[in-house]
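Trainee: After the structure tokens below, expect a handful of questions from me.
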Amino acid sequence: MPFLDRVLRPPSYGWRTPEGELSVPTKRQLVGELFSRVNIFESRKNWPAFTSWFFTVSLAPVFVIFFYYHFSWPLAVAGFFYSMVGMGSYGTVWLHRYGTHGAYEFKSRFWRLVTRNLVIRVVPDEIYIISHHVHHAKSEKPGDPYNAEAGGLYCFLADTNHQPIARDLSRGDYDRVCRLMSRTGTPLHTYEQYLKWGTAEKPLRTIIDFLGNWAFWYGVFFLIGGHALATALFASAIMWAVGIRTFNYGAHGSGKDKQRDGVDFFRGDHSINQLWPGFVAGEWHNNHHLFGTSARNGFLWYQLDLPYLYIRFLKLIGAAHKVRNHTSIFFERHYLPYVARTKAAKSSA
């Protein structure tokens, strides 16, 4: 069995049916799997799923405090843009293009630390990075941790039900997991510690990192605009925490073929380029599946790519290098041949 087939912990309902088809669980099975996997009293190895949801749910009281005590439309708008643009672009810059695909490299640990903590953090690195490699290798096939063909709830609960790494990896496989995580700079478990905790990341270090990140940003926002601004922006973080769990379902056509000629050039799956995720977070998803290691995904003139602008800024000030940009290859191999075919079809009509 290839490494990416066994690196994730299979859900109780399995990745595939006995006939080899995609296993599509019922909503009851999905919710049951969720509660089983967040139960830290059953096993300490459930800590990643518990922590992921704990930090998300912890934002809910701040959401209530903001709307009850500090609500104003300007602050609500500020929170909306912070969540959609700030946190959305951060997810693309750090988790997606750097943490998973290594589309660029940092020249110093300082700028890596800054970028890792650009915004309020709500997603542990390991849960995203390892499973995203599997997603690209098995997109819309059994084993894809957020397979849109299995439904919206399947994708929404993926961080808990499908994305944690397996608990019985061999030493060699665990070493490969560590190599995939190494560029983040996160201190990782030894193999013996992994067998005890079931993860590469260390639970105490992860919790301390998150609490430190939250304390820093709440303090900064408070100094700028008091509790009103701080609660507004922290309240908005829950929108992104929920939104990232729904993104892949929509970005893969909600399990249907919604691709358009001249817009979506990768036909290996149902991924599509959507205007809103593209504009606010540089998530031109079909482009990304076409060139996964490119630091730029907005190839066409209208495809704004804010994460790439940040990466270009890092390069400009000498903080990043080895920035991969596949724009010219995209035009040479895909867009210009498409334009030529379109013109030829019109002239012969």
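Just so you know, all these numbers are worked out from the coordinates, no wet-lab data involved. For clarity, every value in this text was computed on a predicted model and none was experimentally measured. Heads up, the Cβs are rebuilt from the backbone with ideal geometry, glycines too, and the neighbour counts pull from every protein chain shown.
Trainee: Could you let me know the centre-to-centre spacing of the range 227-260 and the range 143-168, using Cα atoms, in angstrom?
Mentor: The range 227-260 and the range 143-168 have Cα centres separated by 16 Å.
Trainee: Which number comes out as Rg/Rh for the range 232-330 once both Rg and the Kirkwood Rh are worked out on C-alpha atoms?
Mentor: Values: Rg = 14.6 Å, Rh = 14.5 Å.
With Rg and the Kirkwood Rh in hand, the quotient comes to 1.01.
Trainee: Pairs 138/202; 45/256; 27/256; 141/256: which are spaced more than 24 Å apart, C-alpha to C-alpha? Each step should come with its number before you reach the end.
Mentor: Details: 138/202 28 Å; 45/256 35 Å; 27/256 20 Å; 141/256 14 Å.
Those over the limit are 138/202; 45/256.
Trainee: Divide, for the range 1-111, the radius of gyration over alpha carbons by 2.2 N^0.38 Å, where N is the residue count.
Mentor: Values: Rg = 19.7 Å, N = 111, 2.2 N^0.38 = 13.2 Å.
My calculation over the Cα atoms of the range 1-111 gives 1.49.
Trainee: Please report, in whole Å³, the volume per residue of the convex hull around the C-alpha atoms of the range 146-185.
Mentor: Details: hull volume 4.0 nm³, N = 40.
Looking at the range 146-185, the number lands at 100 Å³ per residue.
Trainee: Moving to a separate point now. Which residue, 294, 271, 58, has the most motion in a Gaussian network model of the chain that connects Cα atoms within less than 10 Å?
Mentor: 58
Trainee: On to the next question. If you project the alpha carbons of the chain onto the principal axes, what extent comes out on each, in Å, largest first?
Mentor: Principal extents (largest minus smallest coordinate, Cα): 68, 55, 40 Å.
Trainee: Please give the calculated 222 nm ellipticity per residue for the chain, where each DSSP H segment of at least 4 residues contributes -39500 (n - 2.57) and the sum is spread over every residue; nearest 500 deg cm²/dmol? Walk me through the numbers on the way to the answer.
Mentor: On the way: 16 runs with 181 residues, N = 349.
Estimated from H runs of four or more residues: -16000 deg cm²/dmol.
Trainee: Can you spot the aspartates and glutamates whose alpha carbon is less than 13 Å from residue 315's alpha carbon? Ignore those fewer than 8 places along the same chain.
Mentor: 105
Trainee: Could you give the dipole magnitude of the range 83-186 about its Cα centre, charging the beta-carbon of Lys and Arg +1 and that of Asp and Glu -1, in debye to the nearest 20?
Mentor: Numbers: 13 positive and 10 negative charges, 106 e Å.
Using Cβ point charges on Lys, Arg, Asp and Glu, the range 83-186 gives about 500 debye.
Trainee: Test of understanding: express the Cα radius of gyration of the range 65-117 as a ratio to 2.2 N^0.38 Å, with N the residue count. Write down the numbers at each step before the final one.
Mentor: Values: Rg = 15.3 Å, N = 53, 2.2 N^0.38 = 9.9 Å.
Taking N as the residue count of the range 65-117, the ratio is 1.54.
Trainee: I would also like to ask the following. Using a Gaussian network model on the chain with a 10 Å cutoff between Cα atoms, which of 114, 177, 263 fluctuates the most?
Mentor: Among 114, 177, 263, the largest mean-square fluctuation in the Gaussian network model of the chain belongs to 114.
Trainee: While we're here: Where is the GNM fluctuation largest for the chain (alpha-carbon springs, 10 angstrom cutoff): 210, 222, 106?
Mentor: 222
Trainee: With N denoting the number of residues in the range 57-192, provide Rg(C-alpha) divided by 2.2 N^0.38 Å, to two decimal places.
Mentor: Working: Rg = 17.6 Å, N = 136, 2.2 N^0.38 = 14.2 Å.
After normalising by residue count via 2.2 N^0.38 Å, the value is 1.24.
Trainee: For the range 308-349, max minus min Cα coordinate along each principal axis, in Å, sorted largest first?
Mentor: Computed over the Cα atoms, the extents are 53, 15, 9 Å.
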